[in-house]
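Data first, discussion second: the structure below is written as structure tokens.
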Amino acid sequence: MARFRLHGRLNGRFVLSLAVFAGVVPLIFRDEVMGPVLLSLRVLTARATLTLIHWIGLEAVREASAIYHPGGFAYQISRGCMGLVPAALLGVAVLAYPGELRRKLAALAVTLPLLFGLNFVRLVHLFYLGVNRPGLFHLAHTVLWQAAIVLGVFTAWLACIAWLEARSSTAPLGLKPSA
């Protein structure tokens, strides 16, 4: 079992990193600041989601970042639907944890695609519900999938730091790598 070292100066650095993240994200993750970049990413997310929707056998068309079903259901991929904030939170949390940068980046190279994959499962499932079980869409969108994404970020972070801790506990001669 991993031994987590969130104490002393580390605790301060970790908390400060997350506090800065929480303060900066609302300021920069807005259409007024990053409009063209966010629009391009929203359209890209909608394209990928449409491909996955077709793979599961549902009819749909896309216009910009909106996806429509011939039966009338539609949704828009907004800036909060792309999974960028949860991915950035995971990145900040892993990078703020002590360990070798190379290993942190390797951990993120594994966990970030999994997190984005979970978000695509979310988007496809929500479309499926909107078409086939519209009464469940709101609950799934606002509660179930929000909780699943939070749990996904937390689980990915725990996996990353467990891997970093496992590395530090096997260092030669009992020496711990520096942060």
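What number of residues within the stretch 17-47 satisfy the criterion of being among the small types (Gly, Ala, Ser) and either closer than 17 Å to residue 81 by Cβ or surrounded by 12 or more Cβ atoms within 10 Å (Cβ to Cβ) (or both)?
4
What are the residues in the stretch 43-90 that are in contact with a helix residue (DSSP H, G or I) (Cβ under 8 Å, 6 or more places away or on another chain) and within 24 Å of residue 157 (Cβ to Cβ), if any?
45, 79, 81, 82, 83, 84, 85, 86, 87, 88, 89, 90
I'm trying to understand the selection: among the residues of the stretch 120-154, which are among the aromatic types (Phe, Trp, Tyr) and in contact with a Leu (Cβ under 8 Å, 6 or more places away or on another chain)?
120, 127, 128, 137, 145
Which of the residues that make up the stretch 86-111 are surrounded by fewer than 20 Cβ atoms within 10 Å (Cβ to Cβ) and either basic (Lys, Arg) or without any contact (Cβ under 8 Å) to a residue 12 or more places away in the chain (or both)?
Of everything in the stretch 86-111, those that are surrounded by fewer than 20 Cβ atoms within 10 Å (Cβ to Cβ) and either basic (Lys, Arg) or without any contact (Cβ under 8 Å) to a residue 12 or more places away in the chain (or both) turn out to be 101, 102, 103, 105, 106, 109, 110.
Exactly one condition in (1) under 15 Å from residue 76 (Cα atoms); (2) under 11 Å from the mean Cα position of the chain (by Cα) is not met by residue 124; state its number.
Every listed condition holds for residue 124 apart from (2).
In the set 163, 145, which member is under 29 Å from residue 15 (Cβ atoms), in contact with a Lys or Arg (Cβ under 6 Å, 6 or more places away or on another chain) and part of a helix (DSSP H, G or I)?
145
Provide a single number: the residues in the stretch 68-85 that are under 18 Å from the mean Cα position of the chain (by Cα) and touching a residue at least 12 places away in the same chain (Cβ under 8 Å).
The total comes to 8.
When you go through 126, 114 one by one, which is the residue that is surrounded by fewer than 17 Cβ atoms within 10 Å (Cβ to Cβ) and under 18 Å from residue 49 (Cβ atoms)?
Residue meeting the stated conditions: 114.
Give the residue, chosen from 123, 114, that is touching a Ser or Thr at 6+ places or on another chain (Cβ under 7 Å) and closer than 15 Å to residue 148 by Cα.
123
Only the coordinates and a few stated rules stand behind these numbers; no lab work does. For clarity, every value in this text was computed on a predicted model and none was experimentally measured. When we count neighbours, we look across all protein chains shown, and the Cβ atoms used for this are built from the backbone with ideal geometry, even at glycine.
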